[in-house]
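Here's the structure we're looking at; comments come further down.
The values are calculated or read from the model by the stated rules, or taken from the named source; none is laboratory data. These figures come from a predicted structure and were not determined experimentally. Every residue, glycine as well, gets a Cβ built from its backbone with ideal geometry; the counts of neighbours run over all protein chains shown. When the accessible area is computed, the model is the full protein with side chains, heavy atoms only, and any ligands, DNA or RNA have been set aside. Shrake-Rupley method; radii C 1.70, N 1.55, O 1.52, S 1.80 Å.
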Amino acid sequence: MRIYKMTATFGKLEHETLTLEPGLNIITAPNEWGKSTWCAFLLAMLYGLDTRAKTTKTALADKERYAPWSGSPMAGRIDLNWNGRDITIERRTKRRVPLGEFAAYETESGLPVEELTAANCGQLLLGVEQTVFRRAGFIRHADLPVTQDEALRRRLNALVTTGDESGAGDRLAEKLKDLKNRCRYNRSGLLPQAEAEREDLESKLAELESLDIQSKKLKMRLDEVKTWLSQLSNHQQALAYAAAEANAGRVAQARDARDQAERELRRQEAACARLPSREEAEQKLRELRSFRDQWNAIQMEKQMLPQLPQEPQLPRPFAGMSPEEAREMARRDAEAYASAAESKLPLLLLILSGVGLAAAVVLMVFRAYVPAAVAVAVGLAVLVWGLYVQVSGSKRVKGLQEKYGSAHWKSWTEPVDAYEAERKRYSAALKEYRDSSGDVEVRLMVLRKRRESLCGAQEPDALMDFWQQVQGQWDAYHTARRELQRAQSHLETLGAMVKAVEKPPLPDNLTYTEADTVRLLSDYAVEQQRLQNRLGQYQGRMEALGDKAALQKQLEAKKRRIAQLEDTYAALSIALETLADARAELQRRFAPRIAKRAQELLAAMTEGRYHSLTMGADFSLQAGAGEEETLRDCLWRSDGTMDQLYLALRLAVAEALTPDAPLILDDALVRFDDKRMKAAVEILKEMAKQKQVICFTCQGREAQA
């Protein structure tokens, strides 16, 4: 197959066209020009776009990553030559499905190419599945290492070992595996199904046995519950009969009580017939209580009146005198006291007596005895008179002090002044007492008149007792009426409750109360219903499970079927193991052939430095350089050498599996040095003689080479 040109509305490409030549095409363009987009477009046009892929946190789905930037529907066209025919394939967006519409027709005539469809286009044109082409003929720098893929392994295995790609061995393995999976695959298949059916039959038989045992237990318990229900119902009827008998006795007692209440009412009616009415008694009691409350209040108020003030009296010295007389007497006594207290006559008489006695002494000296005797007599007489005056004055002063109780004669009139002030206060208090007591007396007089109108000659307390007795008699009458009504109502209630109850049909030996009997009947009824429901469920389940003998027969047949399937499964396992051993042997054969061609290409790229190369079943590489005696894993090599190792392997696989398909390279030589890059370009030029080679690069070295 050879591509003429591609036209794309895809990602950043908007109606862009890329024209290609036969042989080697080196397309040099800067980063973000669209090289990787053209590669993705070619894959999408050949194999379609996976619209089921979802965007993740680390990668965008192709349907979103390559959605046209302009917002136009995704579309594309490729003109190519296939088996000598010029063909055009087109894909367009259908409704909301990117590239969902496919068309393939002859470029000149427009006639449709029926054998090409949207599903098989890439596989028919290139001869391999998409996964094989991506690992063999589509080489991007990021995907240089070749990973293991079942389709790739199968094609390499068939090609190298048998020379063709019919895949008969693989089909046989798939068929054997399918048969084995039909027997057993995880928990599915005929064998697990038969085992599950066997377990189901065993479970049903076990469940039938268990249900039968439980049903028998339930029936025994149900018989016990029915017996208890019968006994409790009989006991309840016996209790009802006894209660009816007791109620009949209570009715008789209630009738007697009603009759007694009627007699009491008639007696009270007779007693009240001679009495004043209840309303009159209540009116009299209200008036008497009101009078009593007012009388008690005014008596209490009278007790709270101020006491009659006591008339003040003059002190003892002035008793019986008026204030003027008392004040006059005190004035005269004060003057007399002052005169006596301040008199100098006794002192003068004493001085004169001393002078006379002194003169007598002088005369005695001069022996004038007669004049001296006269002088002594005069001196003694004056002395006696002075002493008398002194003593009498002192007695008078002392008497006045004792009379007034004080030596301060100026304060003797103060009690009279105090008496006059107290007399004024007494007059005011006496007036206030007379005013207040006069109001109380007036109200007392009014109340006495009211008492006469209410009680006459009787005492209020005695009259109140009488009217209270009248009221009490009427209260007793009304109480008797209420008691009769209550007794009548009670009799009617009991009469309504009494019903005719038949005797219990069986002897009653139970001792439960009515409440306990009702509770037990309810509990046993609920249990009976529950047991019947459960027994019905068990019987229904047993009927649903089927007949026990039929189930046992089915179980025996199922065990025989399982034994046959186990034999078949063992035979298929042996066949698959044998075929796997054969395939492993074939796989060990194709690796050296691919490795040999990859070694030739690697030696050409590295100018013979790497002389040996081996490839594992998972496409892992080991290489030896120069004088190295042992091969080393590619991880021991530089990044550029690792790219050259895997490019050699890719080219060897592409030669083997995609001899007619174009070879696509996207920056595959970016880490090659100049010498090895030129050697790689020479290899691509040589391969371009057999197929179309398209090499996208961001550097100008490849074109220059």
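Numbers for the structure displayed
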item	result
Test result for Ala549, touching a residue at least 40 places away in the same chain (Cβ under 8 Å) and part of a helix (DSSP H, G or I)	no
Any chance Ser215 is at pLDDT 85 or above and of a type in the set (S, T, N, Q)	yes
Residues (in contact (Cβ under 8 Å) with a residue 40 or more places away in the chain and open to solvent by 70 Å² or more (accessible area, probe 1.4 Å)) located in the stretch 40-69	Arg65, Trp69
Subset of the stretch 669-680 [crowded, with 23+ Cβ neighbours inside 10 Å and touching a Leu at 6+ places or on another chain (Cβ under 6 Å)]	Ala680
Residue check for Met1: touching a strand residue (DSSP E or B) at 6+ places or on another chain (Cβ under 6 Å), within 24 Å of Leu116 (Cβ to Cβ) and open to solvent by less than 20 Å² (accessible area, probe 1.4 Å)	no
Complete set of residues in the stretch 94-144 that are open to solvent by less than 60 Å² (accessible area, probe 1.4 Å) and among the β-branched types (Val, Ile, Thr)	Thr107, Val113, Thr117, Val128, Thr131, Val132, Ile139
Residue that is of a type in the set (Lys, Arg), at pLDDT 80 or above and open to solvent by 40 Å² or more (accessible area, probe 1.4 Å), where the choices are Arg425, Arg451, Arg434	Arg425
Those residues of the stretch 491-508 which are open to solvent by less than 100 Å² (accessible area, probe 1.4 Å) and without any contact (Cβ under 8 Å) to a residue 60 or more places away in the chain, in sequence order	Thr493, Ala496
Index of the failed condition, Arg534 passing every other in (1) within 47 Å of the chain's Cα centre (by Cα); (2) basic (Lys, Arg); (3) loosely packed, with under 12 Cβ neighbours inside 10 Å	(3)
Selection within the stretch 495-529 - more than 17 Å from Glu224 (Cβ to Cβ), in a helix (DSSP H, G or I) and among the hydrophobic types (A, V, I, L, M, F, W, C)	Ala496, Met497, Ala515, Val518
Set Thr517, Thr511: member being over 30 Å from Leu211 (Cα atoms) and open to solvent by 70 Å² or more (accessible area, probe 1.4 Å)	Thr511
Number of positions in the stretch 28-39 that are surrounded by 18 or more Cβ atoms within 10 Å (Cβ to Cβ) and free of Cβ contacts under 8 Å to residues at least 24 places away in the same chain	1
Filter pass, Ala53 being out of contact with any strand residue (DSSP E or B) (no Cβ under 7 Å at 6 or more places or on another chain) and outside any loop (DSSP other than H, G, I, E, B)	no
Any hit, the stretch 476-490, residues being assigned to a loop (DSSP other than H, G, I, E, B), without any contact (Cβ under 8 Å) to a residue 24 or more places away in the chain and under 60 Å from the mean Cα position of the chain (by Cα)	no
Close pairs (8 angstrom Cβ cut-off, 6 or more residues apart or separate chains): farther than 15 Å from Ser36 by Cα in the stretch 661-677, among the charged types (D, E, K, R) and open to solvent by less than 30 Å² (accessible area, probe 1.4 Å) anywhere	Ala661/Lys691; Pro662/Lys691; Arg671/Asp643; Phe672/Asp643; Met677/Glu702
Condition broken by Ala598, with the remaining ones in (1) in a helix (DSSP H, G or I); (2) of a type outside the set (Lys, Arg); (3) in contact (Cβ under 8 Å) with a residue 60 or more places away in the chain; (4) surrounded by 17 or more Cβ atoms within 10 Å (Cβ to Cβ) satisfied	(3)
Residues of the stretch 484-541 that turn out to be within 17 Å of Gln236 (Cα to Cα) and charged (D, E, K, R), as a count	8
Flag if Asn25 is open to solvent by less than 20 Å² (accessible area, probe 1.4 Å) and polar (S, T, N, Q)	yes
Selection status of Ser233, assigned to a helix (DSSP H, G or I), at pLDDT 85 or above and open to solvent by 50 Å² or more (accessible area, probe 1.4 Å)	yes
Residue in the stretch 60-69 that is touching a Ser or Thr at 6+ places or on another chain (Cβ under 8 Å) and more than 28 Å from Thr658 (Cα to Cα) present	yes
Any chance Gln268 is among the polar types (S, T, N, Q) and open to solvent by 80 Å² or more (accessible area, probe 1.4 Å)	no
